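K.L.:
Starting off with a structure, shown below.
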Amino acid sequence: MSNPLNHLMEKNLLEVFGERDSARRKIAINTIYTENCTFFETNEKIVGRDALNAKVGSLLKGAPGFVFRAACPAEVNHDVGRLQWHLGPAGASPAVTGMDIALFENGRIRSLYTFLDTTHTE
């Protein structure tokens, strides 16, 4: 049986982080996130829907022509979910890979933690 929160994580990847139109992204954020949501990146904490919309817009502006895609299906365990993703040019190898960890509240994302994968060279 499919968990609707799995779908919510994938919808977040495509309709929030993958949406370049700010107005459409804002509509998605309002349906996916709690009002006082938090978004955590390394060394940064964003609070609230409007701040999240601005942050995502800034991220996308820095990656023109790049698209997000799920690396595998989202997984949810009670009120915690994870989704591994790729970001890069459409049809090409990803330039960045990472994972989102979401904490849910009443069927919406309350907090999202983003982890970027690092490449180690020796």
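The values are calculated or read from the model by the stated rules, or taken from the named source; none is laboratory data. Being a predicted model, the structure only gives us computed values, none of them experimental. Cβ: placed from backbone, ideal geometry, glycine included. Neighbour counts: every protein chain shown. Protein only, heavy atoms only, side chains kept; ligands, DNA and RNA dropped before computing areas. Shrake-Rupley method; radii C 1.70, N 1.55, O 1.52, S 1.80 Å.
K.L.:
Could you list, in sequence order, the residues of region 62-85 that are under 13 Å from the mean Cα position of the chain (by Cα), assigned to a strand (DSSP E or B) and among the aliphatic types (A, V, I, L, M)? Write out each step before concluding.
P.N.:
Narrowing region 62-85 to residues under 13 Å from the mean Cα position of the chain (by Cα): 67-71, 74, 81-85.
Then drop every residue that is not assigned to a strand (DSSP E or B), which leaves 67-70, 81-85.
Selection gives Val67, Ala70, Leu83.
K.L.:
Continuing with the same structure: State whether the residues of region 93-111 include one that is touching an Asp or Glu at 6+ places or on another chain (Cβ under 8 Å), at pLDDT 95 or above and among the β-branched types (Val, Ile, Thr).
P.N.:
Residues of region 93-111 touching an Asp or Glu at 6+ places or on another chain (Cβ under 8 Å): 96-99, 103-105.
Going one step further and asking which of them are at pLDDT 95 or above, we end up with 97-99, 103-105.
Checking the rest, the ones that are also among the β-branched types (Val, Ile, Thr) come to 97.
Yes: one or more hits.
K.L.:
How do the pairs read when you match residues in region 83-96 that are more than 19 Å from Thr118 (Cα to Cα) with residues anywhere that are in a strand (DSSP E or B), using Cβ under 7 Å and keeping only pairs 6 or more apart or on different chains?
P.N.:
That search, which allows pairs on different chains as well, returns Ala90/Val67.
K.L.:
Right, next: Suppose we filter region 69-82 for residues that are open to solvent by less than 70 Å² (accessible area, probe 1.4 Å) and either under 18 Å from Ser2 (Cβ atoms) or free of Cβ contacts under 8 Å to residues at least 12 places away in the same chain (or both); how many remain?
P.N.:
Within region 69-82, residues that are open to solvent by less than 70 Å² (accessible area, probe 1.4 Å) and either under 18 Å from Ser2 (Cβ atoms) or free of Cβ contacts under 8 Å to residues at least 12 places away in the same chain (or both) number 6.
K.L.:
Additional query: Does at least one position in region 42-55 carry a residue that is of a type in the set (Val, Ile, Thr) and assigned to a helix (DSSP H, G or I)?
P.N.:
Residues of region 42-55 of a type in the set (Val, Ile, Thr): 42, 46-47.
Filter again for assigned to a helix (DSSP H, G or I), leaving none.
So far as region 42-55 goes, no, none of its residues is of a type in the set (Val, Ile, Thr) and assigned to a helix (DSSP H, G or I).
K.L.:
So, of the residues in region 19-38 that are open to solvent by 40 Å² or more (accessible area, probe 1.4 Å) and small (Gly, Ala, Ser), which turns out to be farthest from Thr114 (Cα to Cα)?
P.N.:
From region 19-38, those open to solvent by 40 Å² or more (accessible area, probe 1.4 Å) are 20-24, 26-27, 30-31, 35-36; that's our starting set.
Checking which are small (Gly, Ala, Ser) leaves us with 22-23.
Working: Ser22: 20, Ala23: 23 Å.
Residue satisfying both the conditions and the ranking: Ala23.
Per-residue answers, yes or no, for (1) buried (at least 17 other Cβ atoms within 10 Å of the Cβ); (2) assigned to a strand (DSSP E or B); (3) of a type in the set (A, V, I, L, M):
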position: Phe40; (1), (2), (3): no, yes, no
position: Leu60; (1), (2), (3): yes, no, yes
position: Leu87; (1), (2), (3): yes, yes, yes
position: Ala92; (1), (2), (3): no, no, yes
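K.L.:
Across region 112-121, which residue is modelled with the highest pLDDT among those that are of a type outside the set (Val, Ile, Thr) and in a loop (DSSP other than H, G, I, E, B)? Outline the logic, then answer.
P.N.:
Taking region 112-121 first, the residues of a type outside the set (Val, Ile, Thr) are 112-113, 115-117, 120.
Then drop every residue that is not in a loop (DSSP other than H, G, I, E, B), which leaves 117, 120.
Details: Asp117: 92, His120: 44.
So, considering only residues that are of a type outside the set (Val, Ile, Thr) and in a loop (DSSP other than H, G, I, E, B), the one modelled with the highest pLDDT is Asp117.
K.L.:
Next question, about the same structure. Which residue, of Asp100, Asp117, is open to solvent by less than 20 Å² (accessible area, probe 1.4 Å), of a type in the set (Asp, Glu) and either touching a Ser or Thr at 6+ places or on another chain (Cβ under 9 Å) or touching a residue at least 40 places away in the same chain (Cβ under 8 Å) (or both)? Can you show your working first?
P.N.:
Numbers: Asp117 fails: open to solvent by less than 20 Å² (accessible area, probe 1.4 Å).
Criteria check complete, one pass: Asp100.
K.L.:
Identify all residues within region 1-18 that are open to solvent by 40 Å² or more (accessible area, probe 1.4 Å), outside any loop (DSSP other than H, G, I, E, B) and among the hydrophobic types (A, V, I, L, M, F, W, C); write none if there are none.
P.N.:
Leu14
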